[in-house]
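The values are calculated or read from the model by the stated rules, or taken from the named source; none is laboratory data. Nothing here was measured: the structure is a model prediction, and the numbers come from that model. As a convention, Cβ positions derive from the backbone with ideal geometry for all residues, glycine included, and neighbour counts pool all protein chains shown. For accessibility, only protein heavy atoms count, side chains too; no ligands or nucleic acids. Shrake-Rupley method; radii C 1.70, N 1.55, O 1.52, S 1.80 Å.
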Amino acid sequence: MASLKNKLIEQTGESCVIEHCDMSRFTSFRAGGKADFLITPQSLDQLKRVLKTLSEEGVRYMVMGNGSNILVRDGGYKGAIVKLGEAFAQIRIEGDRLTAGCGALMSSVARAAMEQSLTGFEFASGIPGSLGGAVFMNAGAYGGEMAHIIEEVRIISRDGSREYTLSCQELELGYRHSVLHECGDVAVSVTLRLAPGDQEAIRREMKELAARRNEKQPVSLPSAGSFFKRPEGYFAGKLIQDAGLKGMAVGDAQVSPLHSGFIVNNGNATATDILRLMEIVQASVLDQFGVKLEPEVRIIGE
Ligand SMILES: Cc1cc2nc3c(=O)[nH]c(=O)nc-3n(C[C@H](O)[C@H](O)[C@H](O)COP(=O)(O)OP(=O)(O)OC[C@H]3O[C@@H](n4cnc5c(N)ncnc54)[C@H](O)[C@@H]3O)c2cc1C
């Protein structure tokens, strides 16, 4: 462990490697266990070397963005989590094409597009994740989804050895799904194809969507957004509400009284509280309506 830590520090610098990292500090749920290591490479070269080392040393690892769709079980993640942060957040615009690093936040991308009067990204402006997480999840809102605007994505293979590009079609984007779920490779930058628009109209649209979010979603409490995927032909929140589960709590984890599709952390929820509540909701909805709810949130660790 010590020699692995030293190697990782050699590759990225002391401040970029946190051992026994409390992941509640890095996830929007503000709950959950520790990761053996959290590593934040500061360049593409560092990222490649870190991936190579983890792969050669046989260390389990995964990549994360802004942690807005991840829950780490209380037993912790036995392995390394590689976080693409600010070093991967540059945004460049040429004509109607916007290219950004996968660590860029959706809100920053939305602002940059708006400032250049480019339309097409408004739907995503309030999603509290990174561009990489949005590609991985094919994030969507208000009728838009990443699949509508991605032109291509630059990717590093899981072992850091290969750099390649996938077109939007090759990413096989579906409902909260991309080919990255299967291969585990790391998206490092994305080119979006937007369209010239009217800056005031773009600003207004983003403002309206933010107001809708603030009204309908429990944005002031820690959560990971909609906890469950939308089951074919239903809305998860409506099923949960109709099952009489609105407001139900386990410890400090609660089915949001504002939006039943959200599980919120009212203060000191543990991942175990959240997962118990998830199971109760799943069992009750299955029992009453015969519908199996699958979590949209990526649940990791022991
Ligand atoms: C209040 C709130 C509202 C939300 N609203 C929406 C919404 O409207 N629509 C929506 O779709 N989602 C929504 N979400 C969920 C979440 O913001 C999205 O899923 C987002 O795309 C996750 O991005 P992230 O950077 O936080 O990813 P993370 O949570 O860090 O990671 C999520 C998954 O993506 C993978 N991943 C992350 N970065 C990369 C990368 N560079 N390469 C390969 N894999 C990667 C991780 O391994 C993980 O499996 C909401 C969440 C919250 C808290």
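Just a few scattered comments:
- Pick from region 1-20, criterion among the hydrophobic types (A, V, I, L, M, F, W, C) and either touching a helix residue (DSSP H, G or I) at 6+ places or on another chain (Cβ under 8 Å) or in a helix (DSSP H, G or I) (or both), ranking: most open to solvent (accessible area, probe 1.4 Å): Ala2
- Residues located in region 26-69, provided they are without any contact (Cβ under 8 Å) to a residue 24 or more places away in the chain and open to solvent by less than 30 Å² (accessible area, probe 1.4 Å): Tyr61
- Condition met for Ala224 (under 15 Å from Ile127 (Cα atoms) and within 16 Å of the ligand (Cβ to nearest atom)): yes
- Boolean, Ala271 is closer than 24 Å to Ser24 by Cβ and either surrounded by fewer than 19 Cβ atoms within 10 Å (Cβ to Cβ) or within 16 Å of the ligand (Cβ to nearest atom) (or both): yes
- Within region 160-188, the set of residues being in a strand (DSSP E or B) and either open to solvent by 30 Å² or more (accessible area, probe 1.4 Å) or free of Cβ contacts under 8 Å to residues at least 40 places away in the same chain (or both) comprises Glu163, Tyr164, Thr165, Leu166, Ser167, Gly174, His177.
- Selected residue [in contact (Cβ under 8 Å) with a residue 40 or more places away in the chain, of a type in the set (A, V, I, L, M) and open to solvent by less than 30 Å² (accessible area, probe 1.4 Å)] from Ala210, Ala236: Ala236
- Hey, Gly103 in a loop (DSSP other than H, G, I, E, B) and surrounded by 21 or more Cβ atoms within 10 Å (Cβ to Cβ) or not: yes
- Residue, nearest to Leu275 (Cα to Cα), within region 52-95, restricted to residues that are away from the ligand (no atom under 11 Å from the Cβ) and hydrophobic (A, V, I, L, M, F, W, C): Ala80
- Residue match in region 26-36 (condition: under 23 Å from Cys183 (Cβ atoms) and within 18 Å of the chain's Cα centre (by Cα)): yes
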